[in-house]
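Accompanying notes for the structure given below.
The values are calculated or read from the model by the stated rules, or taken from the named source; none is laboratory data. If you're wondering where the values come from, they're calculated on a predicted model, not measured in any experiment. Ideal geometry is used to build each Cβ from the backbone, glycine not excepted, and the neighbour counts take in all protein chains shown.
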Amino acid sequence: MKVKMFSYFLMALVLASSCGEEKNEDQVLLPSNLQVSIVKEANGAVRASFMAVNANFFRVNFGLPNSTADRATGNSASFNYQEPGTYTITVQAHSTENDFISSSESVTISNEDLGIGIPNVGYESPLSYDGYDLIWQDEFESNTLSNDWVFEIGDGCPNLCGWGNNELQFYRRENTELQDGFLIIKAVQESVGGKNFTSSRIKTQGQKSFTFGRFDIRAVLPKGQGIWPAIWMLGDNIPEVGWPACGEIDIMELVGGSANGRDNTVHGTVHWDNNGQYANFGGSVSLSQGIFNDKFHVFSVIWDESKIVWLLDNVPYHQIDTTPQALDEFRKPHFFLFNVAVGGNWPGSPDSSTNFPQQMVVDYIRVFQRN
């Protein structure tokens, strides 16, 4: 009996040893020595690079709310953040889908990283000129727009869908704000009113209009393919005579894009009705270094009874003789408009290179007339 029990005991030991060996053979070798490097690049882009011993693949979560870890191709992954904030980037090194180790790093994205910070450098114009009086100004020092400004809302439909240029944005109040003495008009990629982008357009129509004078506007401009900021004027009589018979003075337009001659170039143009035919005449100026998103510049026109002169930082770059009778539009009062359009006939649509949000920051507008 004792011999039989001893045999059973030996058999149990063998079976237990055998099961243990099988279990050891099934154990998964986890990755080790996971190393993660985070580098911030231009316009809110962040690149995560990683490596680990015995890793078969990696997954990365860039820390957005309700996001999941996506499988990476190779040993790096990139992401473009659209909003400022502090984000936790988590990298998982996998041996199998369910077996992995992880490491997390934090990255802080600022307005400056996104290209929507407000520079503290740039040209500033004087508060007075010989022979002129300062008759109106807005320094945007309050918390809300003054009653001198009104909003245009929507996409121009039904009468002027796409605002006459096949533009892609829906204008609304929420994209305009006053902050620290600056007017900020922001273009955002979001779906509102059947459009995929939003922005703002404000004007002084019915509140402030002027015939002749010197107009100075200090601003930092947005950038990127499909971005179209404008500081301009339309004739008060547009409700009666329509466009272009009312006349249009474009103090500044920028047709955004990374190519040379886009983000570093602004245009000054007039549009009018030339004896029943549409007419326009424009000029442009380019920076020798940098782009108009880098720092403040002052965009000006000097408009009198016989001509309009365009200036950048007080240096003239374009002029038109308005004495011909066909240009009589430019001897009548005009009001101001500020806007940032997205897409349209001139700039074309945004593409994968365009970073959102984009903003035009206006420090002040000042109107001088001869004394």
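What the table shows:
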{"item": "Single condition Ile118 does not satisfy, out of (1) modelled with pLDDT of 95 or more; (2) outside any strand (DSSP E or B); (3) within 30 Å of Arg366 (Cα to Cα)", "result": "(1)"}
{"item": "In the range 177-217, residue surrounded by the most Cβ atoms within 10 Å (Cβ to Cβ) [restricted to those that are of a type in the set (Asp, Glu) and over 23 Å from Gln369 (Cβ atoms)]", "result": "Glu177"}
{"item": "Any hit, the range 313-328, residues being buried (at least 22 other Cβ atoms within 10 Å of the Cβ) and in contact (Cβ under 8 Å) with a residue 60 or more places away in the chain", "result": "no"}
{"item": "Selection within the range 81-101 - farther than 14 Å from Val46 by Cα and either part of a strand (DSSP E or B) or under 24 Å from the mean Cα position of the chain (by Cα) (or both)", "result": "Gln92, Ala93, His94, Phe100, Ile101"}
{"item": "Pairs with Cβ under 9 Å, 6+ apart, first in the range 156-168 and polar (S, T, N, Q), second exposed (fewer than 12 other Cβ atoms within 10 Å of the Cβ)", "result": "Asn165/Asn345; Asn166/Asn345"}
{"item": "Near pairs, Cβ below 8 angstrom, 6+ apart or cross-chain, from the range 60-79 (in the same structural domain as Phe50 (by TED's automatic domain parsing) and part of a strand (DSSP E or B)) to any residue that is acidic (Asp, Glu) and surrounded by 12 or more Cβ atoms within 10 Å (Cβ to Cβ)", "result": "Val60/Asp70; Asn61/Asp70; Ala77/Asp70"}
{"item": "Residues of the range 342-371 satisfying the condition of being more than 24 Å from Trp303 (Cβ to Cβ) and in a strand (DSSP E or B)", "result": "Val342, Gln358, Gln359, Val361"}
{"item": "Scan of the range 88-103 for residues that are touching a residue at least 40 places away in the same chain (Cβ under 8 Å) and among the hydroxyl-bearing types (Ser, Thr, Tyr), ordered by number", "result": "Ser95, Thr96, Ser102, Ser103"}
{"item": "Given (1) within 30 Å of Asp216 (Cβ to Cβ); (2) under 19 Å from the mean Cα position of the chain (by Cα), index of the condition Leu127 fails", "result": "(2)"}
{"item": "Those residues of the range 164-187 which are within 21 Å of Lys295 (Cα to Cα) and part of a strand (DSSP E or B), in sequence order", "result": "Thr176, Glu177, Leu178, Gln179, Phe182, Leu183, Ile184, Ile185, Lys186, Ala187"}
{"item": "Selection within the range 217-260 - over 16 Å from Leu337 (Cβ atoms) and in a strand (DSSP E or B)", "result": "Arg218, Val220, Ile227"}
{"item": "Number of the condition not met by Leu160 [criteria: (1) surrounded by fewer than 18 Cβ atoms within 10 Å (Cβ to Cβ); (2) outside the structural domain of Pro244 (by TED's automatic domain parsing)]", "result": "(2)"}
{"item": "Unique residue being crowded, with 22+ Cβ neighbours inside 10 Å, at pLDDT 95 or above and out of contact with any Ser or Thr (no Cβ under 8 Å at 6 or more places or on another chain) when the list is Asp273, Asp304, Asp263", "result": "Asp263"}
{"item": "Residue check for Ser37: part of a strand (DSSP E or B), over 20 Å from Val361 (Cα atoms) and not hydrophobic (A, V, I, L, M, F, W, C)", "result": "yes"}
{"item": "All positions within the range 276-301 that are crowded, with 20+ Cβ neighbours inside 10 Å and hydroxyl-bearing (Ser, Thr, Tyr)", "result": "Ser300"}
{"item": "Test: Gly343 is crowded, with 21+ Cβ neighbours inside 10 Å, under 23 Å from Arg201 (Cβ atoms), under 17 Å from the mean Cα position of the chain (by Cα) and of a type in the set (Gly, Ala, Ser)", "result": "yes"}
{"item": "Residue among Ser78, Ser104 that is over 28 Å from the mean Cα position of the chain (by Cα) and exposed (fewer than 15 other Cβ atoms within 10 Å of the Cβ)", "result": "Ser104"}
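Residue by residue, here is whether (1) of a type in the set (D, E, K, R); (2) closer than 25 Å to Tyr171 by Cα; (3) out of contact with any helix residue (DSSP H, G or I) (no Cβ under 7 Å at 6 or more places or on another chain) holds:
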site	(1), (2), (3)
Leu254	no, yes, yes
Thr269	no, yes, yes
Val301	no, no, yes
Lys307	yes, no, yes
Leu311	no, no, yes
Val315	no, no, yes
Leu327	no, no, yes
Pro333	no, no, yes
